[in-house]
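Each value in this text was obtained by applying a stated rule to the coordinates, not by laboratory testing. What you are looking at is a predicted structure, and each value in this text was computed from that prediction instead of being measured. For neighbour counting, all protein chains shown are included, and Cβ atoms are generated from backbone atoms with ideal geometry for every residue, glycine included.
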Amino acid sequence: MTIQDSFVLAWRTVKSNKLRTGITVAIIAFGIMALIGIITAISAMNQSLKENFSFMGANAFSIRYKELNARMGGPNNGEDEFGKSKKGLKEKKSNLDKIIRIEEAAYFKDHYGFGRATVSISRRTGGNNELHYKDKKTNPQITLMGGDEDYLVVNGYSLTSGRNLNNADVQSGRNVCIVGSNVAAKLFPGKPEKCIDKVILLQSKPYRIIGLLKSKGSSAMMRQDDVVISSLKNVRQYESQNKSYAIGVMVNNVADLEPAIGEATEQMRKARRLIPTETDNFAIDKSDKFAEMFIGFLAGISGAAGAIGMITLIGAAIGLMNIMLVAVSERTREVGLIKALGGKKRDVRRQFLFESICISILGAVIGIFLGILVGNLFSMILNTGFVIPWMWVFIGIAICSIVGLVAGIYPAMKAASLNPINALRYE
């Protein structure tokens, strides 16, 4: 009996036992669907994070207030219980809980002299604002940002119509604003470009719209188009839990990023009046830092998903082995007939192994297909492209092949060792 004959006979047996095959395939498919589905969803989240957290561009970084973090499990960040870092530097207690004030931010902008870098000062005052225009209103999820003339370019925004904030707007603090694409679409449905020079209400105060931002692709992770931007001086009138100012810096060349960060650290230490023995009480973040942090967190979820899938597949392997053992008992006379016609032990063993592997791979294919569909539901929610985790697709097929091989070895050896005379007389 050739290998092809063994495979054809095994496939016919798989097709003829629909109920047994269907149950086993469903068990395997469920495990693979859970694994591939979660991995696909996480891949979509990774893509969304990279797109949305890299909003400042690869050649930009930001400086923010370094908040006190709760310590769990002892000292962290290279510090001991006395506030000393491993480098022997101490935290300046007077500045540890001090926010970045406008005077410090202005000092940095005036004295930062790295090449032709662009510096912007901004402040986030809240993300639960509701805007009104006549009988239209937005959802109460609009973020109010205060910025200067360079805020848009440093943070990767561009205008589709209207103009940017100018020096007169920033110095006077007058009630003018730039709105995101989602805001304009909600207040001016069908004609968002008509928003220019219209007066809207923000916390019952009238604001004239001077610019409309180009969409940056809002998602469940970040709502970059649900934003309204006014001047720093204007937003000071609003109460906010975040009273600290942030500084954004954009250099002309990505290769200059690290030297620019070094210069920024030096100037910010001067602005915060830190002496050489004190550590930095501010943080400098590259545009992709948060994406990397969240992606690292999602990698842990990927590991958990793999563990869940493997546990399910182990259960499927046990179920498949039991079903194949039952098949050996049911087909004892068939095995005896094969041997009586000249079939050898390896032919019987090969046939049962092929059956087991066919069932496993069939379950893998169905599970992968369903997993990709389920996982890409998250892609639709996150507005990312269709995701296929090809590496895990091949891993899933390989794992299922191994599962089928391992689950079929013992039943196949048992069938191959049957005595042909006793097998033919089996009832």
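Which links in K109/K136; K98/K137; K191/K286; K98/K233 stretch past 28 Å when you go from one Cα to the other? Numbers along the way, then the final one.
Numbers: K109/K136 39 Å; K98/K137 37 Å; K191/K286 36 Å; K98/K233 21 Å.
From K109/K136; K98/K137; K191/K286; K98/K233, over 28 Å: K109/K136; K98/K137; K191/K286.
What is the order of W11, W390, fewest Cβ neighbours within 10 Å to most? Present the calculation step by step, with values, prior to reporting the outcome.
Working: W11 13, W390 8.
Listing W11, W390 from fewest to most nearby Cβ atoms yields W390, W11.
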Paramagnetic reach from R236 in the range 121-163 [backbone N under 16 Å; point 7 Å along Cα→Cβ]: 121-125, 146-149
Exposure proxy ranking, count of Cβ atoms within 10 Å, fewest first, for V387, V348: V387, V348
For E278, residues with placed amide H under 5 Å, excluding near neighbours: K90
Where labels lie 7 Å past Cα in the beta-carbon direction, separation of K214 and K18 in nm: 5.7
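List S401, S244 from most exposed to least, where exposure is judged by having the fewest other Cβ atoms within 10 Å.
On the way: S401 15, S244 19.
Placing the least packed residue first, the sequence is S401, S244.
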Within the range 224-288: Cβ-based charge dipole about Cα centre, in debye rounded to nearest 20 (Lys, Arg +1; Asp, Glu -1): 480
